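Since the structure comes first, as structure tokens, the remarks are kept for the end.
The values are calculated or read from the model by the stated rules, or taken from the named source; none is laboratory data. Bear in mind that the values here come from a model prediction, so they are computed numbers and not experimental data. Glycine gets a Cβ as well: all are built from the backbone with ideal geometry, and neighbour counts include every protein chain shown. For the accessible areas, the whole protein counts, side chains as well, though only heavy atoms, and no ligand, DNA or RNA atoms are used. Shrake-Rupley method; radii C 1.70, N 1.55, O 1.52, S 1.80 Å.
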Amino acid sequence: MAMLTIVGWCLTFVHVSFVAIYFYLTWYHKYWDKRGAITAEPLTILGTYPGILVNKSRSLILDVQEVYNKYKDKYRAVGTFITRQPQLLILDPALAHEILVDKFSHFRDTITSSFVGHNPEDKYVERSPFFSSGEEWKRRRTENVGGLTPNRLKQAFAIWEQSGRKLVEYIERARREKGDVIETRDLSYRFTADTMADFIWGIDAGSLSGSVGEIASFQKVSTDWTVYAFSSIIRFNKSLVATFVRKLFNMRIFTKASDEFFLRLTQDAVNLRRGGSGEGRTDFLSHLIQLQERGNSIHDSVGHALVVHLDGYETSGAVLYHMLYSLSEHREEQEKLRSEILDALASNDNISYEQLNALPYLDQCVNESLRLTTPIGFFMRICTKATQIDLGNEKILELEPGVTVMIPAFQYHHDDAFYPEASEFRPDRFENGAASAFNKRGIFLPFGDGPRICLGMRVGQLSVKTAIFHILSNYLVEQTKKVPLGADTGLGIFLNGDVELKYTKLRK
Ligand code: HEM
């Protein structure tokens, strides 16, 4: 009898728990109906995008794609649920432009700013504009961009040029020792590690100057650090379902080990520079030292350094290997780009910062590659001040503070309505400065837009352009095998597997 009572209580507990969880997950499901907006289907108990929680079997970007395809021609925006929380999916790029640019003061913060503060030890991530909100964001951003002005990059351009030459030397050594086929994901990250180590800390990362195939410690730590940071962003997105777990598990974005490594590195770099090494050099380190002279701490410097390194190493490297892969597949475009580059070199042995940035076809190829890859596939913004959203069909939505919106840049970039045969690599789409017109229409957002536009856009473009310039002026790049696009990583869709490209030396 007693046994039966225990079983009975257990069953009741299980039932009550299921009912409680069900209500918890579906509590807001009438939210959009009550406000006169369409609720996107399918709607599951895991929200509109189950892929955010179970991205082994599904995928966030593909879940968003499903909703986008279904509603994009009918509505300007639809109500969705990111796990259990109401979120407005912006289907009309003109509305995306309005949110990012014109109505910025109503959508000032990004969802990533809610990812910090759960672990007091995660002190460097809190210093990044990417993860900050309000006035703190503004201050950090202003301080950081001061070190990335066009003038400073122009003065630091010798760093990129030197990395470009080292890249070619490395390719030569790799070809001699291992043959013409080089795994290009690795090659790209070697290049971005080299530029960032030199620009930010004034050191040689050893990624291009060391032995072929060997990973130097700077690059190893950088890879471990970025892999952890990007997978943490995905974990934080998942934790939207129960945000209390963030505090409960002391969730953090950067690891303790990487924090210690980069603190030591920054301290050493500052001491060396102050001791006279690299005196007079204009780079990011000299900017950090100026900020310290005005009152910043060494920890502020580490924070700023990591802002530049995170995307200067990882995101820019990812753009580079995707672009090389596309060019290896599209030989006609590769030839056209090479002749532009060789023409530029015909009158000069070296190219200047201004000349590199003024090569129109190179710019078109970078834009087309960014469009296809879209390494940051969506932006989630928090409504920070109540506002009205024109949903079309004479409906106005009153959006309240705290609700988030999603701008699906990946979907705009892959929409045949904006880019005919959108899956094709066609740099000609960006002829005659079309990028800026596409951007104003809200259909081209590889770096976002408005006051929170990517602050390292010029750095990313500079790295990719320099590497392509040096590679194409020396090698014919050919594909050896097709690489499939992988499942969604939770942030975007990338080439899955080794990118084995063949590098054949050009006769000069
Ligand atoms: C080609 C490479 C890059 C791409 C495709 C890229 C893309 C983006 C995008 C789409 C955003 C906007 C996100 C949003 O609105 O929520 C962004 C923001 C940001 N990016 Fe980049 N990025 C790149 C390189 C860089 C580099 C090199 C740096 C550092 C020097 C950087 C630092 C940042 C920061 C700090 C933000 C947040 C800005 C803010 O919220 O004020 N990015 N990036």
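Filter region 91-123 for residues that are part of a loop (DSSP other than H, G, I, E, B) and modelled with pLDDT of 95 or more and give the result. Before the answer, list the steps.
From region 91-123, those part of a loop (DSSP other than H, G, I, E, B) are 91-92, 103, 107-108, 116-123; that's our starting set.
Selection gives 91, 92, 103, 107, 108.
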Against the conditions (1) within 16 Å of the ligand (Cβ to nearest atom); (2) among the hydrophobic types (A, V, I, L, M, F, W, C); (3) open to solvent by 50 Å² or more (accessible area, probe 1.4 Å), where does residue 437 fall short? Just the number, please.
(1)
Run residue 407 past the list (1) free of Cβ contacts under 8 Å to residues at least 12 places away in the same chain; (2) in contact with a Gly (Cβ under 9 Å, 6 or more places away or on another chain); (3) of a type in the set (A, V, I, L, M) and report the number of the one that doesn't hold.
(1)
Identify all residues within region 38-58 that are open to solvent by less than 10 Å² (accessible area, probe 1.4 Å) and outside any helix (DSSP H, G or I); write none if there are none.
40, 47, 48, 49
Among the residues of region 168-184, are any on the phi < 0 side of the Ramachandran plot, open to solvent by 30 Å² or more (accessible area, probe 1.4 Å) and within 24 Å of the chain's Cα centre (by Cα)?
yes
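If you check 472, 462, which single one turns out to be open to solvent by less than 20 Å² (accessible area, probe 1.4 Å) and in contact with a Lys or Arg (Cβ under 6 Å, 6 or more places away or on another chain)? Write out each step before concluding.
Working: 462 fails: in contact with a Lys or Arg (Cβ under 6 Å, 6 or more places away or on another chain).
Residue meeting the stated conditions: 472.
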Quick check on this structure: which one of 24, 75, 28 is surrounded by 11 or more Cβ atoms within 10 Å (Cβ to Cβ), in a helix (DSSP H, G or I) and among the hydroxyl-bearing types (Ser, Thr, Tyr)?
24
Please work out which residue is farthest from residue 469 (Cα to Cα), limiting yourself to region 165-218 and to residues that are among the polar types (S, T, N, Q) and assigned to a helix (DSSP H, G or I).
217
Scanning region 458-508 for residues that are closer than 20 Å to residue 193 by Cα and of a type in the set (Lys, Arg) gives 458, 465
Hey, any hits in region 371-387 for a residue that's assigned to a helix (DSSP H, G or I), among the basic types (Lys, Arg) and open to solvent by 30 Å² or more (accessible area, probe 1.4 Å)?
no
Given (1) touching a Phe, Trp or Tyr at 6+ places or on another chain (Cβ under 8 Å); (2) over 20 Å from residue 221 (Cβ atoms), number of the condition residue 163 does not satisfy
(2)
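So that you can scan it fast, the table gives a plain yes or no per residue for (1) more than 14 Å from residue 370 (Cα to Cα); (2) within 16 Å of the ligand (Cβ to nearest atom):
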residue	(1), (2)
405	yes, yes
409	no, yes
448	no, yes
454	no, yes
465	no, yes
479	yes, no
Close pairs from region 113-141: first open to solvent by 10 Å² or more (accessible area, probe 1.4 Å), partner acidic (Asp, Glu) and in a helix (DSSP H, G or I), Cβ under 6 Å, at least 6 apart
116/126
By my count, helices (runs of 4 or more DSSP H) wholly in region 239-316 with at least 2 residues that are surrounded by 22 or more Cβ atoms within 10 Å (Cβ to Cβ), touching a residue at least 40 places away in the same chain (Cβ under 8 Å) and more than 20 Å from the chain's Cα centre (by Cα) are 256-274, 284-293
